[in-house]
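> Quick one: the structure is below, and I'll ask about it shortly.
Every number here is computed from the coordinates shown, using simple stated rules; none is lab data. Small disclaimer: the values here were computed from a predicted structure and weren't measured. Methodologically, a virtual Cβ is constructed for each residue, glycine included, from the backbone with ideal geometry; neighbour enumeration extends over all protein chains shown.
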């Protein structure tokens with residue numbers, strides 16, 4: 001596959017019914033709150049099976065309070081009608097907040113139900129470079145005028161080198177833009193953040209991948225922020241170091257738990273230092289708000 005000439009840096013626009021969020025290389029980092037997800041949460045799964053969605057209300061409130069810009073909504077619960085559950089969850093989330101939504105499912109029928117229900121312009125999570133996954137999901141992305149997260153792995157492997165990842169990014173871009181008419185700006189790449197506990201070289205590979213995707217395609221990128229620290233102690237400290245490094249390389253968003261102030265504040269500090277917080281207005285406002293809260297609570 002021929003390496004393309006460097007493309008302009010892209011901006012990916014997401015919307016709810018009343019709010020717009022733009023992900024871009026010259027904009028503040030986009031925090032995608034990941035908590036509305038039953039994976040590994042047995043009690044939450046049991047509640048959802050029983051039709052109790054009340055935990056979603058608490059999760060939305062916590063992610064919004066933590067500073068999320070977009071909310072990832074996943075309703076992958078075994079032994080349920082995921083399409084119906086996801087549609088109901090999206091309706092509930094949109095009644096609680098005006099943040100845009102990332103619709104997260106591996107089930108095509110659930111994705112379509114979610115997209116049909118959603119009021120706005122969603123982000124779909126996700127596709128891979130596998131032909132059948134692109135053929136199943138990209139038509140929905142086009143039909144509902146959404147953006148999509150794409151992972152550069154295929155049926156053969158999760159590539160461990162940047163060259164192969166770039167090759168698969170090229171495949172995704174070619175298929176999405178030429179076969180389905182999806183705008184380049186609406187493709188958000190997950191460069192594959194791997195656990196450093198398994199191999200201490202994986203972060204360098206991911207950072208190289210991020211830089212090359214930015215420089216070659218100008219695409220926006222996201223990742224599961226907690227993947228890097230999986231299995232290690234002091235995970236929040238690792239995350240707080242990793243995301244600013246990845247931002248410098250070109251990462252423009254992350255799917256993460258916005259309830260972790262250590263990581264959120266590290267990202268906001270990186271925005272300031274990278275010139276994505278004009279005159280430091282957001283940093284100063286957040287500091288003043290924190291000081292006011294401490295004073296109200298009687299803390300020193």
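> What's the center-to-center distance, using Cα atoms, between segment 152-217 and segment 32-96 in Å?
Centre-to-centre (Cα) distance: 28 Å.
> For segment 19-67, what mean projected area does the convex hull of the alpha carbons give, in nm²?
For segment 19-67, the mean projected area of the Cα convex hull comes to 4.6 nm².
> If packing is taken as the mean number of other Cβ atoms within 10 Å per residue, what is the order of 225-232, 130-137, highest first? Could you put the intermediate results ahead of the total?
Details: 225-232: 18.8, 130-137: 15.8.
Highest-to-lowest ranking by the protection proxy: 225-232, 130-137.
> Once the convex hull of the C-alpha atoms of segment 11-295 is built, how many Å³ does it hold per residue, rounded to a whole number? Mind showing how you got there, number by number?
Values: hull volume 38.3 nm³, N = 285.
Per-residue hull volume (Cα only) is 134 Å³.
> Restricting to segment 11-295, compute how many DSSP beta bridges are antiparallel as a %, nearest 5.
Expressed as a percentage, antiparallel bridges in segment 11-295 total about 20.
> Okay, helix-only estimate at 222 nm for the chain: each DSSP H run of n ≥ 4 adds -39500 (n - 2.57), divide by all residues, round to 500 deg cm²/dmol; what do you get?
Using -39500 (n - 2.57) per qualifying helix, the result is -14000 deg cm²/dmol.
> For segment 18-155, list log₁₀ I(q)/I(0) at each q in 0.16, 0.22 Å⁻¹, using the Debye formula over Cα point scatterers of equal strength and ignoring solvent, two decimals each.
Values returned for q = 0.16, 0.22 Å⁻¹ are -0.82, -1.43.
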